[in-house]
Each structure stands twice: as structure tokens, then as C-alpha cells.
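The values are calculated or read from the model by the stated rules, or taken from the named source; none is laboratory data. Note that the structure is predicted; figures quoted are calculated from it, not measured. Using ideal geometry, Cβ is built from the backbone for each residue, glycine included, and neighbour counts are taken over all protein chains shown.
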Amino acid sequence: METSEPFWGDKADCFYIVESGEVKILIKSKTMTSKEANQEVEIARCHRGQYFGELALVTNKPRAASAYAVGEVKCLVMDVQAFERLLGPCMDIMKRNITHYEEQLVALFGSSMDLLDPGN
């Protein structure tokens, strides 16, 4: 991954599947009062076969998190048209995952506000 990593607040245009390496997912938390404003907090790591970037495509909102390569990473990148064409039948499953993401954020920060309102 070089310059095409998705970053918080960006418009969603791609979906990523990790082919090799490791990607860390960080979110700017508005709800962590003990941290300085807009500090990024790691919420997940993605490895071979795992994916990221789907949330913004499913919700049609700006990116809620940033992705950073940990060392050398190779990803399959799927544009929004291919994502909708190939994964449209899986959209219900992906929407259910949003509930899981919200639960993770509540467990970490006490709120899912960062996921529900990423652009502000």
C-alpha cells in the first residue's frame, strides 16, 4: 500500500482485501476525553484474507477510519462499481457487520458516535 490507503473523512471509492502483510485500522475518536483532540486510536488489524473499506461503501458516508500498512502489504483493490456488482448479494451481511462495529466502538470508547458521524 502506498498512496491509495483510505483515510478518515475521505469519500469512499474502493474496497480492499489483504493478500499479504498486515494493515492497522485507526479511528479519530471524539469520545475519548482523556486523549488530545483528533488523536487516532487503533481499533483493528487486518491480515491475509481479511478486508476493510466496506463500511463507507455500504453506508454511503465518508470514511470512518484510516488504514495504514504495517511493513510491506499487498491488497486487492476493488472499485465501487465492482464492489456493488460482485458483492451486492452480500450487502445484507455487510450491513449486519455495522452493528458489530458499533458494539466494538461502544466497548472501546463508550459510544459509537465516531462510526455514525465520521465526517464531522
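Computed quantities for the displayed model
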item: Count - residues of segment 10-29 that are assigned to a strand (DSSP E or B) and of a type in the set (Lys, Arg); result: 2
item: ALA82 being modelled with pLDDT of 85 or more, in contact with a helix residue (DSSP H, G or I) (Cβ under 9 Å, 6 or more places away or on another chain) and aliphatic (A, V, I, L, M); result: no
item: Condition met for LYS95 (charged (D, E, K, R) and either within 14 Å of ASP13 (Cα to Cα) or modelled with pLDDT of 85 or more (or both)); result: no
